[in-house]
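The values are calculated or read from the model by the stated rules, or taken from the named source; none is laboratory data. Computed from a predicted model, the values in this text were never measured in an experiment. No Cβ is skipped: glycine too gets one built from the backbone with ideal geometry, and neighbour counts run over all protein chains shown. Surface areas here come from the heavy atoms of the whole protein model, side chains and all, with no ligands, DNA or RNA. Shrake-Rupley method; radii C 1.70, N 1.55, O 1.52, S 1.80 Å.
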Amino acid sequence: MREPARVLVVDDEESVVVTIKAILQLDGYEVSTSTTGAGARAMIREREYDLVLTDLRLEDGDGLDVLRAVRERTPETVTIMLTGYASLESAIQALRAGAYDYLIKPSEVEELRSTVARGIERRRLGQELRARIADLESANREIADLNTSLQRRIDEATAELKQRYEQLQELDRTKSQFLSMASHELKTPITAMSGFLQVALRRMRRMSEDRDSAASEEIRSVLEQLEIVYRQTGKLARLIDELLDVSRIQTGRIEFHYADVDIGELANEVATRMQLTTTAHEIAVTRDSTPTIVADRDHLEQVLNNLVTNAIKYSPRGGPITIEVRSDERGVRVAVKDKGIGIPKKELDAIFGLFYRSPDRAARDAAGMGLGLYISREIVSRHGGEIWAESVPAEGSTFFVTLPLVPVGATQPEPARSGAATS
Ligand code: ADP
């Protein structure tokens with residue numbers, strides 16, 4: 001239960017004070033009284049009242065002084081002025097000075113009760129409102145605090161991420177530099193080695209023809225070994241070229257030279273050359289008459305070489321390999337089909353990743369660094385084309401390449417003829 005509201009009644013006339021006190025006590029208020037302004041002011045300083053009912057004209061001073069004392073001490077206390085008819089004017093002045101209401105003496109009991117009740121109600125509402133505001137303010141402060149700490153945590157996390165990102169970038173730069181340096185350093189000796197080997201082979205072949213049979217037998221056996229070395233040197237050179245390509249791709253230094261290319265003809269050329277490297281496979285080209293496209297011939301040749309090399313590598317039991325060249329709505333589509341070991345569905349996209357090699361045993365048997373398809377995808381997408389694979393494991397794979405008639409979105413266009421390289 002709420003505490004009873006505290007009311008102070010101030011009037012010169014003892015009888016008025018006593019009557020009002022009796023009426024209000026019946027309504028459950030705790031009523032104090034004073035018959036002087038000075039006494040009232042002392043009481044107000046002493047404790048807090050919910051409502052002060054004061055006569056406007058007190059003998060020892062103005063009721064407005066009581067009102068002022070209340071305003072100073074407990075501004076939330078509701079004040080009601082009691083006034084005679086003659087001083088209605090002053091009652092209005094009191095209202096202006098902040099009194100809540102006024103009652104004209106002698107006032108009706110009901111009017112007195114309802115005016116005081118309204119005043120008390122208003123005081124309670126005011127208190128509740130203030131409590132709510134205080135709650136809201138403290139909630140607000142909490143939110144602001146949370147916000148600050150959240151912001152601080154975000155800032156810390158961001159700073160940490162930024163630092164890690166910079167470290168990674170630095171690592172990446174170092175890796176690219178290493179790749180570039182290593183492949184260039186390897187390229188020089190391997191080129192010299194294969195050059196000298198070629199000359200040595202030629203001279204020894206001639207020697208083996210000139211010499212008597214015993215010596216030439218010896219030379220022929222050395223020759224065979226040297227030829228193996230030469231072939232291995234070739235493989236090594238190709239691996240280094242792949243590394244160089246990756247380095248150029250990653251540092252953005254790969255260059256494209258665009259010109260008219262007949263993809264069907266290019267496919268024939270690649271098929272003929274690759275057929276020389278295998279007897280277990282039959283490489284065939286099927287082609288429609290396709291339009292010439294604007295492309296980098298050497299790089300596309302590299303893509304086809306890579307796809308056919310893979311088709312051979314990953315069909316160890318031999319079989320047919322087909323290069324199909326057709327027109328499609330945007331330009332030309334090439335499909336390289338083999339009947340080899342195939343590729344599990346979940347790897348079909350991953351195989352185009354840098355250094356990706358299948359964990360599959362059958363695939364592991366073939367040598368490679370997992371760079372060919374990565375390079376191929378880069379070349380094809382630089383033409384604005386697409387490359388993807390379809391496969392049924394143990395039955396074979398098909399690699400598709402689509403190329404637009406003119407490179408789309410090429411980042412380093414090098415127009416061979418006006419307007420040919422860009423779109
Ligand atoms: P590499 O052949 O040097 O490993 P690639 O980038 O050319 O690198 O190929 C990546 C992987 O994709 C290969 O290791 C192999 O697992 C798989 N792959 C590529 N072509 C074929 C194919 N024709 N048939 C089966 N698997 C293939």
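What are the pairs with Cβ atoms under 8 angstrom where one residue, in the range 286-309, is among the acidic types (Asp, Glu) and the other, located anywhere, is in a helix (DSSP H, G or I) and within 16 Å of the ligand (Cβ to nearest atom)? Sequence gap at least six, or different chains.
Short answer, once both residue conditions are applied: Asp296/Ile379; Glu301/Val270.
Out of the range 87-113, which residues are among the small types (Gly, Ala, Ser) and in a helix (DSSP H, G or I)?
Ser87, Ser90, Ala91, Ala94, listed by residue number.
Leu112 versus (1) without any contact (Cβ under 8 Å) to a residue 12 or more places away in the chain; (2) not assigned by TED's automatic domain parsing to the domain that holds Gly63: which is the lone unmet condition?
(1)
Quick one: Ala182 ticks every box in (1) in contact with a Leu (Cβ under 8 Å, 6 or more places away or on another chain); (2) open to solvent by 70 Å² or more (accessible area, probe 1.4 Å) except a single one, so which number is it?
Only one criterion in (1) in contact with a Leu (Cβ under 8 Å, 6 or more places away or on another chain); (2) open to solvent by 70 Å² or more (accessible area, probe 1.4 Å) is unmet by Ala182, namely (2).
Kindly evaluate Leu348 against the criterion of being of a type outside the set (S, T, N, Q) and near the ligand (Cβ under 8 Å from one of its atoms).
Spelling it out, it is not the case that Leu348 is of a type outside the set (S, T, N, Q) and near the ligand (Cβ under 8 Å from one of its atoms).
Output yes when any residue across the range 68-86 is under 19 Å from Thr36 (Cα atoms), outside any helix (DSSP H, G or I), in contact (Cβ under 8 Å) with a residue 40 or more places away in the chain and of a type outside the set (Val, Ile, Thr), and no when none is.
yes
Checking the structure you have, find out if any residue of the range 233-252 is under 30 Å from Arg317 (Cβ atoms), surrounded by fewer than 16 Cβ atoms within 10 Å (Cβ to Cβ), over 43 Å from the mean Cα position of the chain (by Cα) and not assigned by TED's automatic domain parsing to the domain that holds Gly318.
yes
Among the residues of the range 375-384, is there at least one that is near the ligand (Cβ under 7 Å from one of its atoms) and out of contact with any strand residue (DSSP E or B) (no Cβ under 8 Å at 6 or more places or on another chain)?
no
Collect the residues in the range 253-272 that are modelled with pLDDT of 95 or more, of a type outside the set (Asp, Glu) and loosely packed, with under 14 Cβ neighbours inside 10 Å, keeping them in residue-number order.
Scanning the range 253-272 gives a single hit, Thr272.
Identify the residue in the range 55-73 that is open to solvent by 10 Å² or more (accessible area, probe 1.4 Å) and of a type outside the set (D, E, K, R) and, among all such residues, is nearest to the chain's Cα centre (by Cα).
Among residues in the range 55-73 that are open to solvent by 10 Å² or more (accessible area, probe 1.4 Å) and of a type outside the set (D, E, K, R), the one nearest to the chain's Cα centre (by Cα) is Ala69.
Would you be able to tell me the number of residues in the range 276-295 that are open to solvent by 20 Å² or more (accessible area, probe 1.4 Å), hydrophobic (A, V, I, L, M, F, W, C), in a strand (DSSP E or B) and touching a Gly at 6+ places or on another chain (Cβ under 6 Å)?
The total comes to 0.
Report, by residue number, each residue of the range 379-398 that is open to solvent by less than 60 Å² (accessible area, probe 1.4 Å) and either closer than 16 Å to Pro320 by Cα or of a type outside the set (Gly, Ala, Ser) (or both).
Correct list: Ile379, Val380, Arg382, His383, Ile387, Ser391, Gly396, Ser397, Thr398.
Residues in the range 298-330 that are over 25 Å from Ser358 (Cβ atoms) and outside any helix (DSSP H, G or I): how many?
6
With the condition kept exactly as written, say whether any residue in the range 366-373 is open to solvent by 60 Å² or more (accessible area, probe 1.4 Å) and outside any loop (DSSP other than H, G, I, E, B).
The answer is no; no qualifying residue exists.
Of all residues in the range 296-323, how many are open to solvent by 10 Å² or more (accessible area, probe 1.4 Å) and near the ligand (Cβ under 9 Å from one of its atoms)?
Residues meeting the conditions: 6.
Given the criteria touching a residue at least 12 places away in the same chain (Cβ under 8 Å), open to solvent by less than 80 Å² (accessible area, probe 1.4 Å) and assigned to a helix (DSSP H, G or I), does Thr174 qualify?
no
Filtering the range 109-139 down to residues that are loosely packed, with under 11 Cβ neighbours inside 10 Å and more than 23 Å from Glu76 (Cα to Cα), which residue is farthest from the chain's Cα centre (by Cα)?
Glu110
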